[in-house]
Structure formats: structure tokens, C-alpha cells
1. From the list 56, 48, 52, 69, which one is in a helix (DSSP H, G or I), of a type in the set (A, V, I, L, M, F, W, C) and closer than 30 Å to residue 30 by Cβ?
2. Within region 51-92, track down each residue that is surrounded by 13 or more Cβ atoms within 10 Å (Cβ to Cβ), within 30 Å of residue 8 (Cα to Cα) and of a type in the set (A, V, I, L, M, F, W, C).
3. If I ask for residues that are over 11 Å from the mean Cα position of the chain (by Cα) and either modelled with pLDDT under 90 or surrounded by 12 or more Cβ atoms within 10 Å (Cβ to Cβ) (or both), which ones from region 40-50 would you list?
4. Test residue 47 against the criterion of being in contact (Cβ under 8 Å) with a residue 40 or more places away in the chain and small (Gly, Ala, Ser), and give yes or no.
5. Restricting the search to region 82-101, which residues are of a type in the set (A, V, I, L, M, F, W, C) and either free of Cβ contacts under 8 Å to residues at least 40 places away in the same chain or more than 24 Å from residue 34 (Cα to Cα) (or both)?
6. Filtering region 19-37 down to residues that are surrounded by fewer than 13 Cβ atoms within 10 Å (Cβ to Cβ) and within 16 Å of the chain's Cα centre (by Cα), which residue is modelled with the highest pLDDT?
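The values are calculated or read from the model by the stated rules, or taken from the named source; none is laboratory data. None of the values given here were measured: they were computed from a predicted structure. Every residue, glycine among them, receives a Cβ derived from its backbone with ideal geometry; neighbour counts consider all protein chains shown.
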Amino acid sequence: MDYRCPACAANLAKRKITQAIVIRMERDCPHCNSILRLNVHRTEEIAVLASVGTVVVLAAAAYWLQSQVLALAAFGAAMAAALVLPLLEQTYLRNWPRFKL
């Protein structure tokens, strides 16, 4: 993913810990003070919604049926979801701009 500022081309990949934890749809460029909006790709959105939906359905089924196998499947789905987004970022969305004006 391309983390450069669209206004001044400064690399914003290195973030402060507060910016990494608190995700906002808008932020300021520390170099040129431009207001940057988060540019979310449709594939990224679908991957997040599908993974969260899968974990919720499996966890609810595990609770309802009192099944340890379904609970482990829900845990496995959560771990797979944690792996999918960074891989998606590094392969398919390699040239996608993270920020837009």
C-alpha cells in the first residue's frame, strides 16, 4: 500500500503509536498540514466484513450449540482474518494509495 501524502509525497508509513491504534477517517499530514482522508479499497472492505461476519456466526453457533469444535473454528477464523489483511495489503493493494485529499 502506498502511504505517501498525495499533496507533498512525504512517506507516512511510519506512524506514531496513537495513530496506529486510533484509526480515524481523516488526519493531517505532519509535513504539509493537508487534510488526508483514508482511502479504503472495496476489496479491503469486503474482506473485513466477511471475516467479522464469519467469526460472529461461528462464535454464536458455538455458544448456542455448546460446541468446542465450533469455538475453535471461530478462533481459527479470527486468526485467519488477522493474517488476510496484511497479506492483501502487500500483494493485491501494493500500489493503492492509502490517503486521498
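1. On the way: 56 fails: closer than 30 Å to residue 30 by Cβ; 52 fails: closer than 30 Å to residue 30 by Cβ; 69 fails: closer than 30 Å to residue 30 by Cβ.
When all the criteria are applied, what remains is 48.
2. Hits for region 51-92 are 85, 88.
3. If we filter region 40-50 for residues that are over 11 Å from the mean Cα position of the chain (by Cα), which is where we start, we get 42, 50.
50 - this is the single residue of region 40-50 that is over 11 Å from the mean Cα position of the chain (by Cα) and either modelled with pLDDT under 90 or surrounded by 12 or more Cβ atoms within 10 Å (Cβ to Cβ) (or both).
4. Values: in contact (Cβ under 8 Å) with a residue 40 or more places away in the chain: yes; small (Gly, Ala, Ser): yes.
When the stated conditions are applied, residue 47 passes them.
5. 82, 83, 84, 85, 87, 88
6. 26
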